[in-house]
Amino acid sequence: MKNNIMIILPIVFIFDLLIPFILAPTYKGYNHLTQVMSVLGNSKAPLHNVYNAWLIVFGIILIVINFKVYTIVSECSSLIAIILFTILLIYAIGGCILSGIFSVGEVKSLATLSEKIHGYGSVIGFMCLTFAPLFVGIYSYKINNIKFFYFSIGCFILAILCFSCFVMGDKPNAKNTFLAFEGLWQRLSLLFMYLPLGCLILLEK
């Protein structure tokens, strides 16, 4: 039963990274390299309701599976389990559900209440999720899975680097530099944040 539920986690992570590529062809002019994924949820995108609905569903799925993640990790460490549970809960609510309910505009701005809720929710959610690989690494170390420990810490370092590039991407002096590829940095950040979490099922005994 535990395996059946946990297998959903890597599946939804993969789909979250793939859905922009599925929806983008309907949105003329969308650029995966320079535009963030949430732009697909703005009112001018033809299938914006589909993307926003996915974010809400994705967040709900994460909350449900989060309880199973807590159960698994708490068998080794209650503290790590609580921290991971909190990280995933904040990301599920701020980075997914609120982002799906309150859509963003075509450009990154905080002009409306909806954009402010979306912006702050996403930032807080992403910042918390950045540390998920670190605590998955600590957990894998405590259960003596050293290979997965190095893998998770490597993902943590890469997530921090990519997220830093993503944050700096909208600065004026970042124009015409590799930092301007905000869409790329966002996707890479999520990839490295998701990988250790998605592979948690492999640590089950």
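The values are calculated or read from the model by the stated rules, or taken from the named source; none is laboratory data. Fair warning: this is a prediction, and the values are worked out from it, not measured in the lab. Don't worry about glycine lacking a Cβ; one is built from the backbone with ideal geometry, like all the others, and counts go over all protein chains shown.
Show me the helices (runs of 4 or more DSSP H) entirely contained within region 98-205 in which 3 or more residues are of a type outside the set (Gly, Ala, Ser).
Ranges flagged: 113-129, 132-142, 146-168, 182-198.
Taking only region 44-56 into account, find how many residues are out of contact with any Gly (no Cβ under 6 Å at 6 or more places or on another chain), surrounded by 15 or more Cβ atoms within 10 Å (Cβ to Cβ) and part of a helix (DSSP H, G or I).
2
Does region 108-120 contain at least one residue that is touching a helix residue (DSSP H, G or I) at 6+ places or on another chain (Cβ under 8 Å) and buried (at least 21 other Cβ atoms within 10 Å of the Cβ)?
yes
Do you know which of the residues in region 32-43 that are under 18 Å from Cys96 (Cβ atoms) and polar (S, T, N, Q) is surrounded by the most Cβ atoms within 10 Å (Cβ to Cβ)?
Ser38
Quick check on this structure: which one of Leu79, Leu89 is of a type in the set (A, V, I, L, M, F, W, C), assigned to a helix (DSSP H, G or I) and in contact (Cβ under 8 Å) with a residue 12 or more places away in the chain?
Checking each option against the conditions leaves just Leu89.
In region 161-186, what residues are buried (at least 17 other Cβ atoms within 10 Å of the Cβ), modelled with pLDDT of 90 or more and not polar (S, T, N, Q)?
Within region 161-186, Cys162, Phe163, Cys165, Phe166, Phe181, Glu182, Gly183, Leu184, Trp185 qualify.
Residue-by-condition table, conditions (1) closer than 23 Å to Cys162 by Cβ; (2) at pLDDT below 90; (3) under 14 Å from the mean Cα position of the chain (by Cα):
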{"site": "Met1", "(1), (2), (3)": "no, yes, no"}
{"site": "Asn4", "(1), (2), (3)": "no, yes, no"}
{"site": "Leu9", "(1), (2), (3)": "yes, no, yes"}
{"site": "Ile14", "(1), (2), (3)": "yes, no, yes"}
{"site": "Pro25", "(1), (2), (3)": "no, no, no"}
{"site": "Ile56", "(1), (2), (3)": "no, no, yes"}
{"site": "Glu75", "(1), (2), (3)": "no, no, no"}
{"site": "Tyr91", "(1), (2), (3)": "yes, no, yes"}
{"site": "Ile117", "(1), (2), (3)": "no, yes, no"}
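Residue-wise test of (1) within 18 Å of Gln35 (Cα to Cα); (2) charged (D, E, K, R); (3) touching a Ser or Thr at 6+ places or on another chain (Cβ under 7 Å).
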{"position": "Ser78", "(1), (2), (3)": "no, no, no"}
{"position": "Ala81", "(1), (2), (3)": "no, no, yes"}
{"position": "Ala92", "(1), (2), (3)": "no, no, no"}
{"position": "Cys96", "(1), (2), (3)": "yes, no, no"}
{"position": "Ser99", "(1), (2), (3)": "yes, no, yes"}
{"position": "Val104", "(1), (2), (3)": "yes, no, yes"}
{"position": "Gly125", "(1), (2), (3)": "no, no, no"}
{"position": "Ile143", "(1), (2), (3)": "no, no, no"}
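Please verify whether region 25-34 includes one or more residues that are touching a helix residue (DSSP H, G or I) at 6+ places or on another chain (Cβ under 7 Å), touching a residue at least 12 places away in the same chain (Cβ under 8 Å) and part of a helix (DSSP H, G or I).
Taking every residue of region 25-34 in turn, none turns out to be touching a helix residue (DSSP H, G or I) at 6+ places or on another chain (Cβ under 7 Å), touching a residue at least 12 places away in the same chain (Cβ under 8 Å) and part of a helix (DSSP H, G or I).
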